[in-house]
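What follows is a set of notes on a single structure, which appears directly below.
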């Protein structure tokens with residue numbers, strides 16, 4: 001599948017997360033875009049749960065990257081680049097080891113590191129609609 005569009009509420013994000021993982025079952029890198037408060041972290045929490053993680057999934061705003069374990073024991077990497085001021089900071093944390101690991105990698109505030117993204121990834125945009133629902137659009141890049 002090359003793209004997917006889902007309209008959901010914050011209460012039904014678990015179903016949206018399952019659909020997203022099913023639609024892109026072979027993909028491991030998901031780049032999230034959306035305004036502050038759109039639901040990026042909340043959707044990533046649901047993606048981690050759908051992958052069987054029992055870890056406390058929270059925004060890595062200050063740590064920049066959090067690592068969780070999937071049910072099969074594989075790591076899941078969750079980045080928040082909100083506080084990144086330059087690409088050199090991303091080099092300093094060794095982003096390549098995470099981005100190209102072959103494990104699930106979820107990034108927030110991805111626009112700050114776009115030049116470093118893998119050649120192929122899933123771009124996930126989340127938009128809050130006037131109704132309060134979220135429009136999730138996922139496109140394979």
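In degrees between 0 and 90, to the nearest 10, how far off the longest principal axis of the chain does helix 13-23 point, with axes built from Cα atoms?
Tilt of helix 13-23: around 70 degrees.
Nearest 10 degrees, 0 to 90: what angle lies between the long axis of helix 40-50 and the longest principal axis of the chain (Cα atoms)?
80
Would you mind giving the three semi-axes, in whole Å and largest first, of the ellipsoid equivalent to the range 25-87 according to its Cα gyration tensor? Provide the component values of the computation, followed by the final result.
Working: eigenvalues 82, 34, 28 Å².
One finds semi-axes of 20, 13, 12 Å for the range 25-87.
Where the eigenvalues come from the Cα gyration tensor of the chain, what are the semi-axes √(5λ) of the equivalent ellipsoid, largest first, in whole Å? Don't skip to the end; give the middle numbers.
On the way: eigenvalues 94, 58, 45 Å².
Semi-axes, largest first: 22, 17, 15 Å.
Once you put a point 7 Å from the Cα of residue 96 and another 7 Å from the Cα of residue 72, both along the Cβ direction, what distance in nm separates them?
If labels sit at residue 96 and residue 72, their model points lie 2.6 nm apart.
222 nm [θ] for the chain, helices only, -39500 (n - 2.57) per DSSP H run of 4+, per residue, to 500? Don't skip to the end; give the middle numbers.
Working: 4 runs with 33 residues, N = 141.
For the chain, the value works out to -6500 deg cm²/dmol.
Could you check which residue among 102, 39, 73 shows the biggest mean-square fluctuation in a GNM of the chain with a 10 Å Cα cutoff?
It is 73.
Applying a 10 Å radius around every beta-carbon, put 18-31, 43-56, 120-133 in order of their mean neighbour count, most first.
Numbers: 18-31: 16.9, 43-56: 19.4, 120-133: 15.0.
Output ranking for 18-31, 43-56, 120-133: 43-56, 18-31, 120-133.
How would the range 1-52 be classified by its alpha-carbon gyration tensor: rounded, prolate or oblate, with rounded meaning a/c under 1.5 and the a/b versus b/c comparison settling the rest? Intermediate results must be reported in sequence, preceding the final value.
Working: a/c = 1.44, a/b = 1.30, b/c = 1.11.
It is rounded, given that a/c, with a ≥ b ≥ c, falls under 1.5.
How far apart, in nm, are two points set 7 Å out from the Cα along the Cα-to-Cβ line at residue 61 and at residue 117?
About 2.3 nm, to one decimal.
None of the figures in this text is laboratory data; all of them are computed from the coordinates on show. Owing to the predicted nature of the structure, the values given are computational and were not obtained by experimental measurement. Neighbour counts run over all protein chains shown; Cβ positions are idealised from the backbone, glycine included.
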